[in-house]
1. Do you know which of the residues in region 301-345 that are within 16 Å of the ligand (Cβ to nearest atom) and at positive phi is modelled with the lowest pLDDT?
2. Quick check, is residue 191 in contact (Cβ under 8 Å) with a residue 40 or more places away in the chain and within 12 Å of the ligand (Cβ to nearest atom)?
3. State whether one or more residues within region 143-150 are touching a residue at least 60 places away in the same chain (Cβ under 8 Å), within 11 Å of the ligand (Cβ to nearest atom) and polar (S, T, N, Q).
4. Quick test for you: out of 124, 152, 131, pick the one residue that is of a type in the set (Gly, Ala, Ser) and farther than 27 Å from residue 3 by Cα.
5. For residue 139, indicate whether it is of a type in the set (S, T, N, Q), over 17 Å from the mean Cα position of the chain (by Cα) and in a helix (DSSP H, G or I).
6. Taking the options 7, 48, name whichever one is more than 30 Å from residue 332 (Cα to Cα), exposed (fewer than 14 other Cβ atoms within 10 Å of the Cβ), at pLDDT 95 or above and out of contact with any His (no Cβ under 8 Å at 6 or more places or on another chain).
7. Output the residues belonging to region 113-128 that are within 16 Å of the ligand (Cβ to nearest atom) and over 27 Å from residue 223 (Cβ atoms).
8. Quick one: is residue 86 touching a Gly at 6+ places or on another chain (Cβ under 9 Å) and more than 16 Å from the ligand (Cβ to nearest atom)?
Amino acid sequence: MYKSREETIKELFPKFPKFRFDQIRKGLFDPAITSWKEVSTLSKDIREKLEESVPFISSELVKAFTSDEMDTHKAVLKAHDGKLYETVLMRNRRDQWTICVSSQVGCAMRCTFCATGMMGLKRSLHAEEISDQYRFWKTFLKELPDEPQRISNVVFMGMGEPFANYDNVKAAIKTWLTYTDLGSTKIMVSTVGILPQLEKVLVDPDWPPVQIALSLHSANQKKREEIVPTTTEGFIKKLIDWSHRYQTKLGNRNHRLTFEYTLISRENDTPELAIELANYVNKTAFDKVNVIPYNPVHSKSFITSDRKRIDAFKDILRDKGVNVTERKTMGDDIDAACGQLALSN
Ligand code: SF4
């Protein structure tokens, strides 16, 4: 049975007051501190006991990979139970770093183009296994002093469906918002759209105001079911209504809804589907479509749309007044690009 770091500490020190845990969390997220011994706000006795009994970080590095362009790093981490999962660090346009975190080991959503989906779900990650991915990359960057040190953004686009692990994802986000300099608009939860969980966001007073990106991949219900087999009946229609209620309740200038659309040649990149998508987007409260050229996955026969097809698709959307952007592919040479993360464990 998994015991979190804080549960273990509570057992070791049953009389700890609340502020001690705050001191501990501050120490954990202080980039200058790399072990319990250095958490100087705690007494020597406490530090020694923690050093003996509690791992300073929840997972250990198994292997790290760096892309040829040196702008993407991928790490394979091993959890306390031996489960392996991946986490990615990408240089962003502001010359800072974005981390792409995993929320689960594997995934149950089975999106047809995705390597993680082929693994099935092994288990959900615990809150500290998610939030510690930020700490892992901070320590990693310290070893590269010539590189920028700031992690400015977090996206939940690694392994797993974040809304299938709602409570732990929420707890990890709240930890970052309290103990790092990340602002809520710099955190993006990317989801295939589990409707009951999307509804929960609307009524959960504790849900942090982060960005939400919905992986649509097709506005055509039948095509969407082919690409994302967990798509429920009437999903495409119901999402229109949900998006308006979301916008009324939580939306503002900094807090927007985005569609992600993986472009797969001749699967979902035809002019007919582009027109259907544009008409659909205009009925929703989503204000942007971010197209992602498909990243090839071994053993899948899908093909990346060529430049001509990508541009034609984007032009149709633009002509119909849709705000469209394109995600730059990064780290595909180390299988760190979107949809490429997979491990056998
Ligand atoms: S694309 Fe995301 S939700 Fe779909 S199978 Fe892959 S990890 Fe899961």
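The values are calculated or read from the model by the stated rules, or taken from the named source; none is laboratory data. Bear in mind the structure is a predicted one, so any value in this text is a computation, not a measurement. Methodologically, a virtual Cβ is constructed for each residue, glycine included, from the backbone with ideal geometry; neighbour enumeration extends over all protein chains shown.
1. Applying the filter and picking the extreme gives 339.
2. Working: in contact (Cβ under 8 Å) with a residue 40 or more places away in the chain: no; within 12 Å of the ligand (Cβ to nearest atom): yes.
Taking the combined requirement at face value, the residue does not satisfy it.
3. Going residue by residue through region 143-150, those that are touching a residue at least 60 places away in the same chain (Cβ under 8 Å) are 149.
With the extra rule that they be within 11 Å of the ligand (Cβ to nearest atom), the set shrinks to none.
No, the conditions are met nowhere in region 143-150.
4. Values: 124 fails: farther than 27 Å from residue 3 by Cα; 131 fails: farther than 27 Å from residue 3 by Cα.
Criteria check complete, one pass: 152.
5. Values: of a type in the set (S, T, N, Q): yes; over 17 Å from the mean Cα position of the chain (by Cα): yes; in a helix (DSSP H, G or I): yes.
Yes: the conditions hold for residue 139.
6. Numbers: 7 fails: at pLDDT 95 or above.
Testing whether each residue is more than 30 Å from residue 332 (Cα to Cα), exposed (fewer than 14 other Cβ atoms within 10 Å of the Cβ), at pLDDT 95 or above and out of contact with any His (no Cβ under 8 Å at 6 or more places or on another chain) leaves just 48.
7. From region 113-128, those within 16 Å of the ligand (Cβ to nearest atom) are 113-125; that's our starting set.
Across region 113-128, the qualifying residues are 122, 123, 124, 125.
8. On the way: touching a Gly at 6+ places or on another chain (Cβ under 9 Å): yes; more than 16 Å from the ligand (Cβ to nearest atom): no.
Considered against the rule, which asks whether it is touching a Gly at 6+ places or on another chain (Cβ under 9 Å) and more than 16 Å from the ligand (Cβ to nearest atom), residue 86 comes out as no.
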